[in-house]
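Please read the structure below before turning to the comments.
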Amino acid sequence: MKPNQDFLYRTQQFWGYVRIVSEKVGYSEGGLVKYITEESARTKLNSINITISDTLLNDVVEYINYRARILNNEVRHELMNAEEAKSLFTQLYKIHQTESFTCKLPFNKQKEEKKDFAFYTGIINILTEQHLRIHSQKNGMIYGEDVTFDNDPSTLTYLKDEKNYIHGALSRRFDGAYPSTINPKAIWEIKEYYYTTSFGSRIADGVYETQLDGYEINELSHLVQGDIKHIYFIDAYDTWWLKGKSYLCRIIDMLHIGLVDEVIFGKEVINRWHKVLDELIKENINI
């Protein structure tokens, strides 16, 4: 999912009202993300002695209801549970094995009977390698040499110029990078929580870390080789939808504030990720 252009480049004041209104009116109701009215928003703001203009109130309510609409009608239907994710991973795993793919397939951090592959990470890695291999074959290139991606970054991402001077480095390691962690065109994070029983502080902290990453990436972009795309993959219906609707709202906010360039929810990866990769390949060729 890319941001809606109508809500990009809004002021800090706008996002401040979005946060306060969302908190005071509430994020969810009746199992869905909550729609609000101008009257309910103004009533809540008046109760805490906050003033807002009619025009700004209209814009804030329009955005909050847009956010509710895409989460209720689109995003929740993309999120997979553990069984769905495992089924999709198993299909792709056969390709990984029969075609001798080289991308890593890490395991999750669970124990005993829940110990298994990290399904969503595996899905993303396999789909990425598959698409880049197809691109290589069509264009007379060698995958792994002419075309590659880092599917298990074990180093910090950094930018350097033609004389090998470093111009900046990011603070955290990411889950993937294209074409590598050195002068990347894109870096991505993956948040899959299929076996989590509650929306705990670790998950909440992960959302805030992504926000901070976004500020840092925006600061470093354009220093050497153009914009760095920041992509956020998330999945797990029970965790994100049943327990974390308020954080889904904040993720949509992040997208429109410009802290991430794209959020890919669950099985949206099947139809969307190859298009993103094509865009990245084209940008890399045009450098």
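What is the gain in length, in nm to one decimal, between Ser171 and Tyr66 on full extension, counting 0.36 nm per residue of separation less the C-alpha to C-alpha distance?
Gain on extension, Ser171 to Tyr66, equals 34.5 nm.
So how much slack lies between Ser40 and Asp54, counting 0.36 nm per residue of separation and subtracting their Cα-Cα distance, in nm?
3.7 nm
With unit charges on the beta carbons (Lys and Arg positive, Asp and Glu negative) and the dipole taken about the Cα centre of the chain, which residue among Val21, Pro179, Gln110 sits farthest to the positive side?
Gln110
Out of residues 5 or more away from Glu29 or on other chains, whose amide H comes under 5 Å of its own, with H placed 1.01 Å from N in the peptide plane?
Those qualifying (amide H under 5 Å, at least 5 residues apart or on another chain) are Lys34.
Let me make sure I get this right: for segment 5-78, a, b and c are the square roots of the gyration tensor eigenvalues over alpha carbons, sorted descending. Under 1.5 in a/c it's rounded, otherwise prolate if a/b > b/c, else oblate. Which is it?
It comes out oblate by the Cα gyration axes.
If you place +1 on the Cβ of every Lys and Arg and -1 on the Cβ of every Asp and Glu, how big does the dipole about the Cα centre of segment 5-78 come out, in debye to the nearest 20?
Using only the charged Cβ atoms, the result is roughly 220 debye.
What range in the chain is the longest one free of chymotrypsin sites (Phe, Trp or Tyr not before Pro) that are in a loop by DSSP and have at most 14 other Cβ atoms within 10 angstrom?
The segment 10-164 is the longest one with no such site.
Hand me the trypsin sites (Lys or Arg not before Pro) from segment 90-138 located in a DSSP loop with no more than 16 other Cβ atoms within 10 Å, in residue order please.
Lys104, Lys109, Lys111, Lys115
Among (1) 21.3, 69; (2) 20.3, 66; (3) 18.6, 58, which is the computed Rg and Dmax of the Cα atoms in Å?
Here Rg and Dmax of the Cα atoms in Å agrees with entry (2).
Normalised by the number of residues in segment 40-153, what is the relative contact order in percent for Cα pairs under 8 Å and 6+ residues apart?
17
What's the longest piece of the chain with no exposed GluC sites (Glu not before Pro), counting a site as exposed if DSSP puts it in a loop and it has at most 10 other beta carbons within 10 Å?
1-144
Report the full-extension gain for the segment Glu219 to Lys160: residue separation times 0.36 nm, less the Cα-Cα distance, to one decimal in nm.
Length gained, Glu219 through Lys160: 19.8 nm.
Counting Lys +1, Arg +1, Asp -1, Glu -1, what net charge surrounds Ile231 among other residues with beta carbon under 9 Å of its beta carbon?
Around Ile231, the charge tally is -2.
Taking 8 Å as the Cα distance limit and 6 or more residues as the minimum spacing, I'd like the relative contact order of the chain as a percentage.
Averaging sequence separation for qualifying contacts and normalising by length gives 21 percent for the chain.
A short reminder: the numbers here are calculations on the coordinates, not readings from a lab. Just so it is clear, the structure is predicted and the values come from calculations on it, not from any experiment. Neighbour counts run over all protein chains shown; Cβ positions are idealised from the backbone, glycine included.
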